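The structure under discussion appears below in the form of structure tokens.
All of the numbers you see were taken from the coordinates with simple rules; none came from a lab. Worth saying up front: this structure is predicted, and the values here are computed from it rather than measured. Because the Cβ atoms are built from the backbone with ideal geometry, glycine has one as well, and the counts that use them run over all protein chains shown.
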């Protein structure tokens, strides 16, 4: 994708290409004009990009979805460098470049099914390799990912790598819904994205992901996003947080989820206010289901005296909260994981690789409806 550059005094427009080999040269003769730079999606209170130009040596500040202008008086081959300022942090300035590429970022967060805990790249039963033909996509090598270490105890380095870089969990290479999200966006929209993935098993919204916790998973996510944006800006790239995907709730459902709806409303509000994303960016909820886990427990006599009634009510409460958010919260939608394929080794709580591909593709289709 390219940021729009217009010479508003002359009525001429061009585009900054994402290709580093493309040079932007604008001829304005001796007339005075303003080089107007605008990223409509950057409607955010939490990140500022400073774009400096040469040889004029003026700078342009992109903040809060605004545009900025640089006065020019003659024909020059323009060069640009980028610096990002995020509260309490700043990137180093990027090298001078003839192009300022812009890249969409999709955040995937939650617990074990957001990780892909039993979604193996090489299926242990069928031996299908989902990173080999005919399943491969251009997104596998052209898109990027940065994932938080799955225990969330050490920080991500903030450096994105190729989407098909191995994510190892207990000795297995895994993937979550992010793989199909990236592949679907590449196929449907020709969009190249960076995935930022923050997920950990057995984490609850009521505690681990509570935005009020100073050292909780929510703060880990914020720090990871900021690190990636700093890294990219230092390399001359502007990041636009285009969508947020949330796949969580199984832990809360197991405990009854008495207040999950209010916790989810607060979580979405905190995302909008504390992440460097546009208020118009779509949030997609992957609606959890522990119905097959409950059935497994009932079938094998693991429900004890209560017949798993706490889990039954908790599952219903979490799913109803997702329904409420998708119906009443601005630009929030949902996809249902109820019918997705799950693994017997997880007692049918964790999605299989096929299940992750299915819900990831469905999530991508939802965000496409509201994508910038």
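Evaluated on segment 252-372, the Kirkwood hydrodynamic radius is 15.6 Å, with distances taken between all distinct Cα atoms.
Which shape class applies to segment 102-368: rounded if a/c is under 1.5, otherwise prolate when a/b exceeds b/c and oblate if not, where a ≥ b ≥ c are the square roots of the Cα gyration tensor eigenvalues? Since a/c reaches 1.5 but b/c is at least a/b, the shape of segment 102-368 is classed as oblate. Taking the average, over residues, of other Cβ atoms within 10 Å as the packing measure, peptides 177-189, 197-209 rank 177-189, 197-209 from highest down. Length available on full extension from residue 365 to residue 310: 0.36 nm per residue minus the Cα-Cα distance, which gives 16.5 nm. Sorted largest first, the principal axis extents computed over the alpha-carbon atoms of segment 116-171 equal 34, 26, 13 Å. Reducing segment 342-370 and segment 283-313 to their Cα centroids gives an inter-centroid distance of 18 Å. Given their separation in residues at 0.36 nm each and the Cα-Cα distance between them, residue 125 and residue 168 gain 13.6 nm when the chain is fully extended. For the pair residue 133 and residue 302, the difference between a 0.36 nm per residue extended length and the Cα-Cα distance amounts to 56.7 nm.
Using the Cβ-Cβ distance between residue 295 and residue 320 with R0 = 22 Å, the FRET efficiency computed as 1/(1 + (r/R0)^6) comes to roughly 0.65. Each peptide among 137-150, 324-337, 356-369 gets the average number of other Cβ atoms lying within 10 Å of its residues, and from highest to lowest they stand as 356-369, 137-150, 324-337. With bins 5 Å wide beginning at 0, the percent of Cα pairs of segment 305-361 falling in each bin runs 4, 17, 16, 20, 22, 13, 6, 1, 0.
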